[in-house]
Amino acid sequence: MIFILGQGMEMKNEFRASVYTSQNIGTPHTGRGLWRVLDDPLIEPRRFGSTERAPIDYTPQNFNSACKIYSAEGILFVRGARNNFKAMFSELDGTLAKWTFWWSLDATAGPSYDQWPDWLCRLSADLPPHYGFACSVAEYEAKHKVVEADETGSSVQMAGVSAADFLKFLPGIYWLTIFGKDLAGHFDLKLQSLPGVQHIGIPPSQVAMMLESPAVPASMKERLDTEARLVESLGAQHFFDHARNEGEYAPVSHLLNLKG
């Protein structure tokens, strides 16, 4: 249940979003669709590549090069000129990928506050995921960060977010949570009855759930307590919790047509 952070991508002054998806950006159709969604004034994509440095100049036409990199190496990075945007697309196994995006925390408090959820919903409409979320890095770490220490020092890891974990449970409920078609159908009426949230329909049959509170909470404890209550209403056995034992989860793989 432990996923080790890679390459220093995460910083406390950032916002982040992740989607778990079966979309394969190694195929021209999906690669073209991704390139189209990334070509947005919020991002202004500039470079891409198989390393975090992303050394190749981005153009709206060179998605085929990105497809080839991803097909060969199972990973792709993209950097933008605005809002300190970074993205990492990684293949987790043969049927599942994780796409993670970072941008400046300041962008969630300025004029573009509403534009980021809109952008994530457009991404999900064009390239439907199984599940996704967005929150501050501080909120993400409060849910998943594990510090392990031994005689040689300490290491920071993230629990509950790996491919193997995703077949067993969902990472959680966050400031913004996206339920793909299968999960939206499963939770259905429970999602509609949750208090203190805004529901956003994403065509053709997905649902985003956004808390009716600031993206960066005044109290992280209150934020986590609120999200824990929402998890209980939906079914705590489906969501990761540091305190829950392995056998207490109800696998979600059968809800997503994924192999467990």
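The values are calculated or read from the model by the stated rules, or taken from the named source; none is laboratory data. Quick caveat: nothing in here was measured; it's all calculated off a predicted structure. Please note: Cβ atoms are built from the backbone with ideal geometry, for glycine as well, and neighbour counts cover all protein chains shown.
Cβ-Cβ contacts under 9 Å between residues 6 or more apart (or on different chains), taken from a first residue in the range 18-43 that is touching a residue at least 24 places away in the same chain (Cβ under 8 Å) to a second residue that is surrounded by fewer than 17 Cβ atoms within 10 Å (Cβ to Cβ) and acidic (Asp, Glu), are listed as Gly33/Asp126; Leu34/Asp126; Arg36/Asp126; Val37/Asp126.
As a summary of the residue check, Asn64 satisfies the conditions (1) out of contact with any Pro (no Cβ under 7 Å at 6 or more places or on another chain); (2) of a type outside the set (Ser, Thr, Tyr); (3) farther than 19 Å from Val19 by Cβ except for the one numbered (1). In this structure, is Arg244 surrounded by 12 or more Cβ atoms within 10 Å (Cβ to Cβ), among the charged types (D, E, K, R) and out of contact with any helix residue (DSSP H, G or I) (no Cβ under 9 Å at 6 or more places or on another chain)? In short, no.
Taken over the range 156-166, the criterion of being hydrophobic (A, V, I, L, M, F, W, C) and over 14 Å from Phe239 (Cβ atoms) is satisfied by Val156, Met158, Ala163, Ala164. Just a yes or no: is a residue in the range 103-113 under 23 Å from Leu224 (Cβ atoms) and within 13 Å of the chain's Cα centre (by Cα)? For the range 103-113, residues under 23 Å from Leu224 (Cβ atoms) and within 13 Å of the chain's Cα centre (by Cα): present. If only residues of the range 22-65 that are basic (Lys, Arg) and out of contact with any strand residue (DSSP E or B) (no Cβ under 9 Å at 6 or more places or on another chain) are counted, the one that is farthest from Pro117 (Cα to Cα) is Arg32. Could you look through the range 69-96, keep only residues that are exposed (fewer than 13 other Cβ atoms within 10 Å of the Cβ) and modelled with pLDDT of 95 or more, and pick out the one that is nearest to the chain's Cα centre (by Cα)? It comes out as Ala81.
Identify the single condition in (1) surrounded by fewer than 18 Cβ atoms within 10 Å (Cβ to Cβ); (2) in contact (Cβ under 8 Å) with a residue 40 or more places away in the chain; (3) over 24 Å from Ser104 (Cβ atoms); (4) not β-branched (Val, Ile, Thr) that Asn62 does not satisfy, given that it satisfies every other one. So the condition that Asn62 fails would be (2).
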